[in-house]
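Let me begin by presenting the structure, written as structure tokens, before commenting on it.
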Amino acid sequence: MNPGFRLRLSGVSVWLMLIVLAGFSVNYPVSVDISANRENRLSTLSQQVLSNLTGPVRLETWLPADPSLRRQVSALLQRYQQVKSDFDWQFHDPETNPETRTQLAIARTGSIFVHYQNRQQRLDLIDETALTATLISLQNPDPTTLVFVEGHGERAIGGESDAELSQLTTELEQSGYRLLEQNLLEHPTLPENTDVVILASPKVELLSGEWQILKNYLDGGGNLIWLTDPAAAKLPELRRYLAIELTENAVESEHNSLYGFDHPGFMVINRYGNHPSTQGLAGFSLFVNSLAIKASANNTWQAAPLWQTAEQEPQILALSLTRTVTDRLQKIVVVGDGDFLANGYLKRLDNLRLTRRLFGWFSERYLSATKITPPSATDLRLDLPKPIYLSFIATFLIFLPSIFIAISFWLWHKRG
């Protein structure tokens with residue numbers, strides 16, 4: 001056989017082999033996580049949740065036709081698919097389907113609909129925490145019911161202004177909570193399946209009949225979240241019942257200038273209590289015009305601070321109270337600021353994560369998902385033994401440069 005033809009045939013064979021291997025890599029992708037801390041894999045909790053799902057999971061992913069964004073989302077979803085083979089998704093461009101976009105009220109940045117066993121939940125923000133919490137919710141069809149008391153100028157769960165709670169409502173509903181508003185004068189009986197009653201900064205004091213309804217609920221071991229602020233009603237009966245005191249005025253921070261805030265009422269917090277809802281949190285959260293809270297010394301409740309100021313004499317800005325009623329743990333949270341989870345501040349700094357944790361404490365099956373944090377890389381530093389390190393320096397900084405200089409000098413001398 002002609003040597004030239006044989007060489008060309010070998011080249012063609014190599015190219016054909018490369019093309020076949022490329023085709024296999026596209027149709028049968030294999031990935032191996034060799035990082036020290038497995039930071040490219042799902043958390044153990046997410047893997048356990050997937051292993052407990054008995055049917056296929058399907059995602060309708062409505063995202064803009066942005067290749068970078070879709071690659072990021074695909075990378076996350078592929079981790080789920082590696083654990084559960086019948087986990088599938090399909091991308092849709094909302095711009096090419098304007099009628100569907102309007103009908104489904106798809107967010108400007110995109111929306112994802114998760115389907116499992118004839119149930120569906122929507123996500124407008126996707127990360128491992130949100131997606132795993134959604135899968136937990138779909139696996140447990142009985143939602144946690146939150147009843148927001150209304151009729152006293154409270155923050156409205158459907159309100160769009162900065163001080164109201166429409167974004168919180170979306171976040172909670174997408175996580176599987178059921179939200180209700182109830183006027184205690186019009187409907188004096190709380191639903192039997194009420195898990196938490198929420199007082200969202202009422203501006204007007206409760207009437208005696210309304211307080212009696214709330215007291216009966218608390219006497220029976222009901223859970224409560226009370227959001228207050230300097231402009232809210234002081235609710236003296238509730239304060240006496242919980243044996244707590246509130247400051248008259250908002251706490252002012254000594255460190256605002258460090259964070260670029262001129263208003264003394266703005267407070268950046270990263271001092272959290274040793275509590276299930278805040279355990280492991282390290283990010284900064286933003287609060288506005290917050291009252292400080294103090295539990296009385298003779299309090300029959302078990303009190304624990306959730307977060308507090310960083311001053312030398314820290315002041316508690318959120319407090320949890322617990323006690324056992326008929327063999328059941330009763331949970332109360334009092335927060336001196338309702339703005340931190342309102343529309344104007346929910347997605348600033350770490351407020352959203354803190355809010356997820358706070359509500360997750362009242363629904364244990366969601367709390368574990370809110371504690372998911374991406375594994376940190378532990379193999380970013382290359383540590384070499386000293387002899388090898390010195391040999392690298394000698395080879396690449398001394399020996400090879402010397403050879404190259406010598407060769408260059410020799411070639412120059414030869415030409416001369």
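Quick notes on this structure:
- Amide H contacts under 5 Å for A156, placed H, 5+ residues apart: L165
- Residue order, fewest to most surrounding Cβ atoms within 10 angstrom, among I407, I157: I407, I157
- For a paramagnetic label modelled on S68 (point 7 Å from Cα along Cα→Cβ), amide N atoms under 18 Å away belong, within the stretch 103-142, to 109-110, 126.
- Under 5 Å, built H, 5+ apart or other chain: amide partners of L184: E150
- E186/K84 FRET efficiency (R0 41 Å; Cβ-Cβ; nearest 0.05): 0.30
- In this calculation the C-beta distance from L400 to T102 is compared with R0 = 56 Å, giving a FRET efficiency of 0.30.
- Residue-wise HN-Hα couplings along the stretch 61-69, as the Karplus relation 6.51 cos²θ - 1.76 cosθ + 1.60 with θ = phi - 60° gives them from phi, are 10, 9, 10, x, 6, 10, x, 5, 5 Hz; Gly and Pro carry x.
- Each residue of the stretch 319-328 was assigned a 3J(HN,Hα) from its phi angle through the Karplus curve 6.51 cos²θ - 1.76 cosθ + 1.60 (θ = phi - 60°); the sequence is 9, 9, 10, 9, 7, 9, 10, 6, 6, 10 Hz, with glycine and proline shown as x.
- Were the residues from I19 through K234 laid out at 0.36 nm apart, the gain over their Cα-Cα distance would be 70.0 nm.
- Residues in the stretch 88-97 carry Karplus couplings, in order, of 10, 8, 9, 8, 10, 9, x, 5, 8, 10 Hz; the curve used is 6.51 cos²θ - 1.76 cosθ + 1.60 with θ = phi - 60°, and Gly or Pro positions show x.
- For the stretch 52-119 versus the stretch 149-200, the spacing of their alpha-carbon centroids is 29 Å.
- For the stretch 87-181, the set of trypsin sites (Lys or Arg not before Pro) satisfying both a DSSP loop assignment and a count of at most 14 other C-beta atoms within 10 Å is given as R108.
- Rounded FRET efficiency, nearest 0.05, which uses the C-beta distance separating Q48 from N270 and R0 of 22 Å: 0.15
- The DSSP beta bridges internal to the stretch 143-370 are antiparallel in roughly 55% of cases.
Coordinate-derived values only; no laboratory data. The model shown is predicted, which means the values in this text are computed figures rather than measured ones. Note that each Cβ is placed from the backbone with ideal geometry, even for glycine, and that neighbours are counted across all protein chains shown.
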